[in-house]
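Visitor: Right, I'll just put the structure down here and ask away after.
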Amino acid sequence: MNMSPRGQEQNQQMRTKAIAKITGAALEVFAEYGYYGATMKHIMQVSGLSKGLVYHYFPSKEKIFFHLVESALEISKNAWTEALNISGTAWQKIEKLSEILFKISFTNESSLYFLIMVQATTQGKGIPGLMEYMTEGGAHFDLLPPLIRTAQKAGDAVPGDPVILSTTYLALFQGYTLCLFQDKDIVKKITPATFTDVLRNRG
């Protein structure tokens, strides 16, 4: 018997809700215990869902982690697309990027996704296909050095190797995100300009 459209819609809503609960729980558990310390049992406990339901959607810890990496890269890609598609100079796009990354980096859930990416880079080599996926999914990061180079030609960005400057800029976001878990008040002390100024030509 075919399911009615209403039944299909209800099933989809249940699926979406369950995956959201599992994802939220996994973010908390991986953030607290790291990839190797996290367990499916703990994720189930935090999610409040049954073992059967969790395993129905994610048959292993690796699958959940991979899903989180996918989500993190999607959030990042959307942020970069929004910033780089505005009309304006290269420097104005860099300023917009700082504003958007600042916003998504220092909210609770988004900052946890930053941790997931750090763990994926440092602990994910044992997950088949993950490193290759991260390389492909993170292609938008390669758009920053050419943008910096254009801003340098206009005299807005500091002289130097655009690749090194891009790495420094992104590392600053990662570093402050990690600091957030030790000092939540750090957000009150920084602004988007904190990051943009790394690239600003003061000459």
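Where a number appears in this text, it was derived from the coordinates with a stated rule and is not lab data. What you see is a predicted model, and the numbers here were worked out from it, not measured in a lab. Quick reminder, even Gly has a Cβ in these numbers, built from the backbone with ideal geometry, and neighbours come from all protein chains shown.
Visitor: Count the net charge of all other residues whose Cβ sits under 13 Å from the Cβ of Ala26, scoring Lys and Arg as +1 and Asp and Glu as -1. All intermediate terms of the calculation are to be shown ahead of the outcome.
Guide: Working: positive: Lys21, Lys41, Lys61, Lys63; negative: Glu28, Glu32, Glu62, Glu70, Glu109.
Overall, the nearby charge balance is -1.
Visitor: Sticking with this one: Gly48: net charge of surrounding residues, Cβ under 15 Å, Lys/Arg +1, Asp/Glu -1, itself excluded? Walk me through the intermediate numbers first.
Guide: Details: positive: Lys17, Lys21, Lys41, Lys51; negative: Glu28.
Result for the local shell: +3.
Visitor: Output the 0 to 90 degree angle, nearest 10, between the alpha-carbon long axis of helix 61-84 and the longest principal axis computed from the alpha carbons of the chain.
Guide: Approximately 40 degrees, to the nearest 10.
Visitor: At 222 nm, what value in deg cm²/dmol follows for the chain if DSSP H runs of at least 4 each add -39500 (n - 2.57) and the sum is divided by all its residues, to the nearest 500? It would help to have the intermediate numbers written out before the result.
Guide: Details: 10 runs with 146 residues, N = 203.
So the helix-based figure for the chain works out to -23500 deg cm²/dmol.
Visitor: Shape verdict for the chain, please, from the Cα gyration tensor: rounded (a/c under 1.5), prolate (a/b greater than b/c) or oblate. All intermediate terms of the calculation are to be shown ahead of the outcome.
Guide: Values: a/c = 2.31, a/b = 1.89, b/c = 1.22.
Verdict is prolate for the chain.
Visitor: Mind checking the angle between helix 144-153 and the chain's longest principal axis? C-alpha axes, 0 to 90 degrees, to the nearest 10.
Guide: The helix 144-153 is inclined about 20 degrees to the chain.
Visitor: As I understand it, the dipole of the chain uses +1 on the Cβ of Lys and Arg and -1 on the Cβ of Asp and Glu, about the Cα centre. Which of Tyr133, Gln174, Asn11 lies farthest toward its positive end?
Guide: Result: Asn11, furthest along the dipole toward the positive end.
Visitor: Related question: Pairwise over distinct Cα atoms, reciprocal of the mean inverse distance: report the Kirkwood radius of region 1-59 in Å, one decimal place.
Guide: Values: mean 1/r = 0.0809 Å⁻¹.
Final number for the Kirkwood radius of region 1-59 is 12.4 Å.
Visitor: Okay, moving on. Angle check, please: helix 5-37 long axis (alpha carbons) against the longest principal axis of the chain (alpha carbons), in degrees 0 to 90, nearest 10.
Guide: It works out to around 60 degrees.
Visitor: With a ≥ b ≥ c the root eigenvalues of the C-alpha gyration tensor of region 103-203, is it rounded (a/c under 1.5), prolate (a/b larger than b/c) or oblate? Don't skip to the answer; put the middle values down first.
Guide: On the way: a/c = 2.77, a/b = 1.25, b/c = 2.22.
Oblate.
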